[in-house]
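Each remark here refers to the structure printed beneath this line.
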Amino acid sequence: MLTIFHSKKDFEASDCRIAVLPVGATEQHGSHLPVGTDTIFAEHFSRRLAEELDAYLLPAIAISSSIEHRKGKGTVYLKSDTLALVLRDIAESLQYSGFTKLIIANFHGGNWIIKPTVRNLNRELGGLQTVLLYAGDVARPRYGEIFNHVQGDIHAGEMETSLMLHLHPEYVSDIKVQKNPVLFPQAYMDYFDVGELTADGYWGFPEEATAEKGSKVIELMLHEGLKYIEELERVTLEVKARHARETGQ
Ligand SMILES: [Zn+2]
């Protein structure tokens, strides 16, 4: 694995062609979790993924599209268009120095803009495949094996609090349990700030979190994440081979 602590000489001696970019956020996570929660998760997950793939682990993007949390003091955000431009420049610079795959390991659900950005980059940048790996998305179909709440546990809830209890219990404070929480559709973040819809900025069931669930979910995310990358690589090679047969190139 390569990191920012390696030198030009190390990079030149390596045939590493895959880069992993952790994308977190700096946003309120209720009274019980730190504002850097998504970044802490993204960095941990990406490090383990980069070790598995012997990839270049990039420093995290720690500020992303958190405008829906702006009412929570401590939240800092990029507007979506800005994030798209940042990602484009990162992809272009990796392509320029010979990388063939960029894995964007996103941990913030509000970063919707990454998807169309990736779709465009994969048409625009020859030679570099940009992959969006949202650990929550690939693992969610199996959340029922671990969590009591698969629906409505969106932000600083059972999943995120469990994962923090596993990775850094020292960062978890007392939960201000909501009596009869009203659960709105997640899409309501398009219209309201989270602080306008929730009593303490969390959205879900943190009171049901345990460290054991956290340890299970990070392993599930890695397992499903690696499966996603491997399957995509298989299909990519197949598509390339078919193209070569059809065009004689
Ligand atoms: Zn979060």
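Throughout, read-outs are computed from the coordinates displayed, never taken from laboratory work. Bear in mind that the values here come from a model prediction, so they are computed numbers and not experimental data. Every residue, glycine among them, receives a Cβ derived from its backbone with ideal geometry; neighbour counts consider all protein chains shown.
Considering only DSSP states other than H, G, I, E and B, which trypsin sites (Lys or Arg not before Pro) in region 98-206 qualify as loop sites with at most 12 other Cβ atoms within 10 Å?
For trypsin sites (Lys or Arg not before Pro) across region 98-206 that sit outside H, G, I, E and B with at most 12 neighbouring Cβ atoms in 10 Å, the list reads 179.
Only Cα pairs under 8 Å and at least 6 apart count here; give the relative contact order of the chain as a rounded whole percent.
With pairs under 8 Å counted, the relative contact order is 21 percent.
Give me the orientation-averaged projected area of the Cα convex hull of region 181-249, in nm², one decimal.
Over all viewing directions, region 181-249 projects a mean Cα-hull area of 8.3 nm².
Extent of the chain along each principal axis, from alpha carbon coordinates, in Å, largest to smallest?
Principal extents (largest minus smallest coordinate, Cα): 66, 39, 35 Å.
In square nanometres, what is the average projected area of the Cα convex hull of region 1-115?
Spelled out: convex hull of the Cα atoms, projected over all directions, averaged, 7.3 nm².
Need one number: % antiparallel among DSSP beta bridges in the chain, to the nearest 5.
Details: 3 of 19 bridges.
Approximately 15 percent, going by the DSSP bridge assignments.
So how far apart, in nm, are the two label points at residue 70 and residue 242 if each is 7 Å from Cα heading toward Cβ?
Placing both labels 7 Å beyond Cα along the Cβ direction yields 4.5 nm.
Considering only the other residues whose Cβ falls under 9 Å of the Cβ of residue 30, what net charge follows from Lys and Arg at +1 and Asp and Glu at -1?
Around residue 30, the surrounding residues sum to 0.
Please go through the residue pairs 101/227; 101/240; 71/213 and name each one whose alpha carbons sit more than 18 Å apart in this structure.
Table pairs above 18 Å Cα-Cα are 71/213.
Per residue of the chain, what 222 nm ellipticity follows from adding -39500 (n - 2.57) for every DSSP H run with n ≥ 4, rounded to the nearest 500?
It lands at -13500 deg cm²/dmol.
If you take every residue apart from residue 71 with its C-beta less than 13 Å away from the C-beta of residue 71, what net charge results, scoring Lys and Arg +1 and Asp and Glu -1?
Local charge sum for residue 71: -3.
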